[in-house]
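The block underneath contains the structure these notes are about, expressed in structure tokens.
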Amino acid sequence: MFPVTVTDTVDETDTIKILRLARTDGAALAPYAAGAHIDVTGPTGITRPYSLCGPPHDTGAYTIAVRREANSRGGSQALHDKAHPGTELTVGAPRQLFGIAREAVEHHLVAAGVGITPLLAMAYELQGERAEFKLHYVARSRAEAAFASLLGQSAFADRTMFHFGLGRQTTGEALAAELAGLPADAHVYTCGPQGFMEHVTALAARSVPEEHIHSELFQAGAEPHAGPDDGFEVELDTGEIYAVPAGKSIAEVLEDNGIPLETSCREGICGTCVLRVVEGEPDHRDHCLSAKEKAAGDQIAACVSRAKSPRLVVELW
């Protein structure tokens, strides 16, 4: 984590605020690949992950878009109300869980609401590479769509399709038509509310393999798997063994025993707390690992996931 200073803010919509963040010491920021996010610690000390939505080659400042959540616990609300030009925040280095598949012959980006943020960065990167892509943007109205004006004037405006105020059925029909008959080696990327992404995934799966469909969740919904919340043991690669009772996570047990573990969202979304599994079978309940990574069984999100086996052996670092 390192200090940054807010250099500019824009009230993009009634609920979405854009912040530009530069290193306080004036140094260049680390480059990142499109789809990356950073952990941001706001004025109230709460840390939340936000996708980077500026051009990835811009190392002068990071751009994030913050939606004010109706039931905010102090994270998004503080950034809306207390982050102004000159405000100092703390951020982490970019983390990549939602990148571009380089082997794809064409890319289809499908966003809803504030889910446009990681896909906007992807559009910048794909445009720079002269790759074949389309960007679909769904919102209830143009007034609620962040970056609508920017997209309409961008170098990839002719590749951007707006679906504003059409209603669920009409929008679904439009997306179904756009995602029908894709070549099997195309890749689809989607971000937005969970129900929306599930619908896009179902439409895309008619044309492309499941492993060619990528999504990023901003807020945890129902657990993707919810087996019995039984107790188990976690063993560190250094030999310590701890009991993880029902109702407590691996992360909580480690912290209770004085073992520091980096965490952020505590909802299985950001991937900050992922550990390598050496032995045992994880019970995946996160939204950050891909289906392929979960099937491999060699990683676990310590803040939400549990074990199917009596014991898990994990590498802490």
*Of all residues in the stretch 179-204 being buried (at least 24 other Cβ atoms within 10 Å of the Cβ) and β-branched (Val, Ile, Thr), the one that is nearest to residue 108 (Cα to Cα)*: 188
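Here is a yes/no grid of residues against (1) acidic (Asp, Glu); (2) at pLDDT below 95; (3) at positive phi; (4) touching a helix residue (DSSP H, G or I) at 6+ places or on another chain (Cβ under 8 Å):
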position: 63; (1), (2), (3), (4): no, no, no, no
position: 68; (1), (2), (3), (4): no, yes, no, yes
position: 74; (1), (2), (3), (4): no, yes, yes, no
position: 102; (1), (2), (3), (4): no, yes, no, no
position: 113; (1), (2), (3), (4): no, yes, yes, yes
position: 120; (1), (2), (3), (4): no, no, no, yes
position: 124; (1), (2), (3), (4): no, no, no, no
_All positions within the stretch 273-300 that are touching a residue at least 40 places away in the same chain (Cβ under 8 Å) and touching a Gly at 6+ places or on another chain (Cβ under 7 Å)_ = 283, 285, 286, 287, 288
*Return yes when residue 167 is outside the structural domain of residue 55 (by TED's automatic domain parsing) and either more than 27 Å from residue 262 (Cβ to Cβ) or buried (at least 22 other Cβ atoms within 10 Å of the Cβ) (or both) and no when it is not.*
yes
_Failed item in (1) surrounded by 13 or more Cβ atoms within 10 Å (Cβ to Cβ); (2) in a helix (DSSP H, G or I), with residue 233 passing the rest_ = (2)
*asked:* Against the definition (surrounded by 14 or more Cβ atoms within 10 Å (Cβ to Cβ) and touching a strand residue (DSSP E or B) at 6+ places or on another chain (Cβ under 7 Å)), how does residue 136 come out, yes or no?
replied: yes
*Kindly provide the set of residues from the stretch 85-99 that are modelled with pLDDT under 95 and outside any strand (DSSP E or B), ordered by number.*
92, 93, 94, 96, 97, 98, 99
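So that you can scan it fast, the table gives a plain yes or no per residue for (1) over 19 Å from the mean Cα position of the chain (by Cα); (2) of a type in the set (Phe, Trp, Tyr); (3) closer than 18 Å to residue 26 by Cα:
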{"residue": "41", "(1), (2), (3)": "no, no, no"}
{"residue": "48", "(1), (2), (3)": "no, no, no"}
{"residue": "53", "(1), (2), (3)": "no, no, no"}
{"residue": "62", "(1), (2), (3)": "no, yes, yes"}
{"residue": "69", "(1), (2), (3)": "no, no, no"}
{"residue": "78", "(1), (2), (3)": "yes, no, no"}
{"residue": "83", "(1), (2), (3)": "yes, no, no"}
{"residue": "86", "(1), (2), (3)": "yes, no, yes"}
{"residue": "90", "(1), (2), (3)": "no, no, yes"}
*asked:* Quick check on my filter: what residues within the stretch 143-164 are in contact (Cβ under 8 Å) with a residue 40 or more places away in the chain and buried (at least 18 other Cβ atoms within 10 Å of the Cβ)?
replied: 145, 146, 147
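The values are calculated or read from the model by the stated rules, or taken from the named source; none is laboratory data. Note that the coordinates shown come from a computational prediction; the quantities given were computed from them, not determined experimentally. Cβ coordinates were reconstructed from backbone atoms using ideal geometry, including for glycine residues, and neighbour counts include every protein chain displayed.
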